[in-house]
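Here's the structure we're looking at; comments come further down.
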Amino acid sequence: MKLLLIGLALLALAGCSEKDLRQAIEIIDSSVEEAPLTRSEVVAALKDSLSRGISKGALIASSKNGYYGNPELRIPFPAEVSEVDRALRKIGLGKEVDRFVRQLNRSAELAAAKARPIFIKSISAMTIRDAFDILNGEADAATRYLMRTTGDELRAQFRPIVSDKLGETSATRYYGDIVKRYNQLPFVSKVDPDLESYATDKAIEGLFLLIAEEEANIRANPAARTTQLLRRVFGSLD
């Protein structure tokens, strides 16, 4: 009977939803004691691990001040154009610059709320080869997998949100005008005036930072492995 339950649970993993995945893992948890790890168990554990990390990271990032109030995630005025920052402040637009930075971060927080379904789709498509590469890879192997498989779709989803939010402050327009004039000067390194790309990339970068932290926690901290299956799979690396 136990073997039947395990088989049914593992067969369901290939195309299951996150809810189904967790239910299947509970079945496996209750049915498996000390049998050797199977390939399907490794896949299930990694899918569950990534789902948990993503849910936690997306919730943190998408909350108010998820970026703006977090020194590790906060998106600053582009460092390579500090001259633009100073120029805006010299003409009395300091408050607009501060508001602009706040909007950069608010745009990231709004965009982060759209990330979770994209990540879950990528996790569902994970193969056995992907799972073992992650399990036996570097400390951030799972995060790198998600970067590789979701980057383009995240940018496509994030950029319109970022664009709308940045449009709410006039500092965006001033920034573009000054950067264009700056780029016309001789003997200067050209600056990219595309704030939407900058903010989008920084928003995605911050989200992956949170996911990487959760991945590292599960790998290194047995207490973070909240199911028996996670403990078995990641414990095999200890």
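Backbone phi angles across region 92-105, fed through the Karplus curve with coefficients 6.51, -1.76 and 1.60 (θ = phi - 60°), yield HN-Hα couplings of x, 10, x, 5, 5, 5, 4, 5, 4, 4, 4, 5, 3, 6 Hz in residue order; Gly and Pro are listed as x.
Extension gain, Glu168 to Arg39, is 41.4 nm, computed as 0.36 nm per intervening residue step minus the present C-alpha separation.
For the pair Ile128 and Glu72, a Förster radius of 35 Å applied to the C-beta separation gives a FRET efficiency near 0.55, rounded to the nearest 0.05.
The Cβ shell under 14 Å around Gly92 holds other residues with a net charge of +2, Lys and Arg each +1, Asp and Glu each -1. Name the residues whose placed amide hydrogens come within less than 5 Å of the amide hydrogen of Asn65, ignoring near sequence neighbours (fewer than 5 apart) on the same chain. Those qualifying (amide H under 5 Å, at least 5 residues apart or on another chain) number zero.
Taking 25 °C and 0.890 mPa s as conditions, region 45-228 diffuses translationally at an estimated 138 µm²/s according to Stokes-Einstein applied to its Kirkwood radius (Cα pairs). Couplings 3J(HN,Hα) of region 43-54, computed from phi: 4, 4, 5, 5, 4, 5, 4, 5, 4, 5, x, 5 Hz, in residue order, whole Hz [Karplus 6.51 cos²θ - 1.76 cosθ + 1.60, θ = phi - 60°; x for Gly and Pro].
What the phi angles of region 145-161 give under the Karplus curve with 6.51, -1.76 and 1.60, with θ = phi - 60°, is a coupling list of 4, 5, 4, 5, 9, 10, x, 5, 5, 4, 4, 5, 7, 6, 4, x, 5 Hz, glycine and proline written as x. Stretched out straight at 0.36 nm per residue, the stretch from Ala216 to Phe187 would grow longer than its current Cα-Cα span by 6.0 nm. Exposure proxy shown here: for Phe187, Phe208, Phe158, the number of other Cβ atoms within 10 Å sets the order, fewest to most, as Phe187, Phe208, Phe158. When Arg225, Arg74 are arranged by Cβ crowding within 10 Å, least crowded first, meaning fewest neighbours, the order is Arg74, Arg225. Neighbour counts of C-beta atoms inside 10 Å place Asp85, Asp177 in the sequence Asp177, Asp85, starting with the fewest.
Values in this text are rule-based calculations from the coordinates and carry no lab data. Just so it is clear, the structure is predicted and the values come from calculations on it, not from any experiment. No Cβ is skipped: glycine too gets one built from the backbone with ideal geometry, and neighbour counts run over all protein chains shown.
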